[in-house]
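The values are calculated or read from the model by the stated rules, or taken from the named source; none is laboratory data. None of these values were measured; they are calculated from a predicted model. Because the Cβ atoms are built from the backbone with ideal geometry, glycine has one as well, and the counts that use them run over all protein chains shown. With ligands, DNA and RNA removed, areas are computed over all heavy atoms of the protein, side chains included. Shrake-Rupley method; radii C 1.70, N 1.55, O 1.52, S 1.80 Å.
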Amino acid sequence: VPEPLEQNLGYEILATYPHDPTCYTQGLVIDEGIFYESCGLYSQSSIRKVDPVSGVAQSETDLGANYFAEGLVLLDDKLYQLTWKENTGFVYDASTLELLRTFNYQTEGWGLTTDGSALILSDGTNTLYWLDPGTMQVVRQVNVSYQGQSVEYLNELEYINGLIFANIYMTDSIVAINPEDGGVISLIDLTGLRPEQNQSMQGEVLNGIAYDAINDKLYLTGKNWPSLYEIRLVPQRLSTPATPQ
């Protein structure tokens, strides 16, 4: 059963860590104290294993120049990474970042997460797709809506306590989605988190949600951001703006 959340949430910053500003963050995962990150853009795409305290990549595997890396998820010691318009995904050994195999899918690739058995993919529309990680076939899909209105531009995804959290591309908002029916149960306003140096660049928005389930810690970053934040969700009326960078 998904944990209940208040309908409107804000945030408090608990800690700030360095983040590589050259990474156009498309996917962020934490496991056993290590971040795994997918960095996008053509000729710049990679998958990285990153030390969370320093923000420095411990190891990295580059993609071909013709691939634009997107969402990333860890399942059963394998990392699954999407590409934007290339209809191609990559599967890596999580410990070595060695490429194990590729797979194909029919849509664009935006965000990726898992409920522990299936992969859950977003493609920039209001649809979420569940994929069988063995066959990569779509086994179910839901359309996401809020109060009867379709919610589009679902981007980076993270599965947290039975809910799917999704960045809404080009906004300061994350939605928490009930995977059973696609209903948005919570709107999370992250206004003020985006660093000052990223404000002038239209595309350098919030993108990157990582949840450490063992320690109940939530981390957020964005495309080319110099910082990564540990935050706590709070009722919006108590929310305070981030301190300027």
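Does residue 167 satisfy the criteria of being open to solvent by less than 60 Å² (accessible area, probe 1.4 Å), under 24 Å from residue 84 (Cα atoms) and not acidic (Asp, Glu)?
yes
Tally up the residues in segment 124-148 that are within 18 Å of the chain's Cα centre (by Cα), of a type in the set (A, V, I, L, M, F, W, C) and closer than 13 Å to residue 184 by Cα, please.
Going through segment 124-148 one residue at a time, the tally reaches 2.
For residues that are farther than 17 Å from residue 70 by Cα and polar (S, T, N, Q), scanning just segment 127-156, find the one that is most open to solvent (accessible area, probe 1.4 Å).
147
From the list 150, 186, 200, pick out the single residue that is touching a residue at least 12 places away in the same chain (Cβ under 8 Å), farther than 24 Å from residue 73 by Cα and hydroxyl-bearing (Ser, Thr, Tyr).
Of the residues listed, the single one that is touching a residue at least 12 places away in the same chain (Cβ under 8 Å), farther than 24 Å from residue 73 by Cα and hydroxyl-bearing (Ser, Thr, Tyr) is 150.
Does segment 69-87 include one or more residues that are of a type in the set (Ser, Thr, Tyr), surrounded by 14 or more Cβ atoms within 10 Å (Cβ to Cβ), closer than 25 Å to residue 164 by Cβ and in contact with a Phe, Trp or Tyr (Cβ under 9 Å, 6 or more places away or on another chain)?
Yes, segment 69-87 contains at least one residue that is of a type in the set (Ser, Thr, Tyr), surrounded by 14 or more Cβ atoms within 10 Å (Cβ to Cβ), closer than 25 Å to residue 164 by Cβ and in contact with a Phe, Trp or Tyr (Cβ under 9 Å, 6 or more places away or on another chain).
Give 186, 200 a once-over and let me know the one that is farther than 27 Å from residue 104 by Cα and in a loop (DSSP other than H, G, I, E, B).
Sole residue among the options that is farther than 27 Å from residue 104 by Cα and in a loop (DSSP other than H, G, I, E, B): 200.
Before we move on, is residue 174 assigned to a strand (DSSP E or B), open to solvent by 50 Å² or more (accessible area, probe 1.4 Å) and either out of contact with any helix residue (DSSP H, G or I) (no Cβ under 9 Å at 6 or more places or on another chain) or in contact (Cβ under 8 Å) with a residue 40 or more places away in the chain (or both)?
no
Taking interchain pairs and intrachain pairs at least six residues apart, which have beta carbon atoms under 7 angstrom, with the first residue in segment 131-146 and touching a residue at least 40 places away in the same chain (Cβ under 8 Å) and the second of a type in the set (Ser, Thr, Tyr) and open to solvent by less than 40 Å² (accessible area, probe 1.4 Å)?
If the second residue must be of a type in the set (Ser, Thr, Tyr) and open to solvent by less than 40 Å² (accessible area, probe 1.4 Å), the pairs left are 136/105.
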